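Accompanying notes for the structure given below.
Laboratory data are not the source of any read-out in this text; all were calculated from the coordinates shown. Since we're looking at a predicted model, the values are computed, not measured. Cβ: placed from backbone, ideal geometry, glycine included. Neighbour counts: every protein chain shown.
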Amino acid sequence: MKNKIEVRFICIFIIFLISGQVIYYFSKDKFENLMINKLNVGVSVKLINMINSEMLAVQKGKDIISKDMRMTVAVGCDGMDGMLIVIAAILAFPMILIDKIKGVILGIIVVYLTNLLRIIMLFFILKFYPGYFDYMHTYIGQFIVIFSAGLFFLMWINNISKKNMLNAQ
């Protein structure tokens, strides 16, 4: 088979991605307080207030509330899809274990920060341009998170390939 390595990567990637989704689905209730309330909503509220202290954003559970609006960060808006894509792709790609560990950690951080940026962006869009919120949330915001995961993976394997070529010389 000519494309054995690529087919192997895709099959392993799909197995890891589906496994991650299943594990997340059955454990999301346990992690909801940490992932959504603390790491996404709590941090987003602090950043929103740093960006614009006049907003007076506060957190109430999964909601970001300001004077005249409320935005809920629901399960699925926590960036986990992007994180699971990065994790599955890096674990499926043939590289040494230490590079996989570093890649997974950095990938999770990149996707998490991208998702925070998405939440903050959506908050300000809802505040100042509410007519664009659904479009930005459904199409642009989700795309940005998934795109950042894919881009990080491509950059990571490119970096690993260059490192391996330098070590081989």
* To do: Compute the FRET efficiency between Asn159 and Val58 as 1/(1 + (r/R0)^6), taking r as their Cβ-Cβ distance and R0 = 41 Å, and round to the nearest 0.05.
  => 0.50
* Structure fact -> FRET efficiency (Val43, Phe9; Cβ distance; R0 45 Å; to 0.05) is 0.85
* Output ³J(HN,Hα) for the range 63-74: one whole-Hz value per residue in order, computed from phi by the Karplus curve 6.51 cos²θ - 1.76 cosθ + 1.60 with θ = phi - 60°, and x for Gly and Pro. => 9, 9, 10, 10, 3, 10, 7, 9, 10, 9, 9, 8
* Asked: Using Cα pairs under 8 angstrom and six or more residues apart, how large is the relative contact order of the range 4-168, in percent?
  -> 23 percent
* Cα Rg over Rh - the chain, Kirkwood -> 1.06
* To do: Once you have all Cα-Cα distances for the range 23-82, histogram them in 10 Å bins from zero and send the whole-percent values.
  => 24, 49, 22, 5, 0
* Asked: Once phi is turned into θ = phi - 60°, what whole-Hz ³J(HN,Hα) does the Karplus curve with 6.51, -1.76 and 1.60 give for every residue of the range 27-37, x standing for Gly and Pro?
  -> 10, 4, 5, 6, 9, 4, 4, 6, 5, 8, 5
* To do: In whole angstrom, note down how far apart the Cα centers of the range 2-76 and the range 96-165 are.
  => 12 Å
* Using 7 Å Cα-to-Cβ label points, what is the Phe31/Leu106 separation (nm, one decimal)? -> 2.2 nm
* Structure fact -> Taking a crude spin-label model, label points 7 Å out from Cα along the C-beta direction, the Ser19 to Ile140 distance in nm is 3.8 nm
* Rounded to whole Hz, the Karplus (6.51, -1.76, 1.60) HN-Hα couplings of the range 125-137, x for glycine and proline -> 5, 4, 6, 9, 9, x, x, 9, 4, 4, 4, 5, 5
* So, in the chain, how many Lys pairs have Cα atoms under 15 Å apart, if the pair is 8 or more places apart or on different chains? -> 12
* Debye, to nearest 20: dipole size of the range 4-168, +1 on Lys, Arg Cβ, -1 on Asp, Glu Cβ -> 340 debye
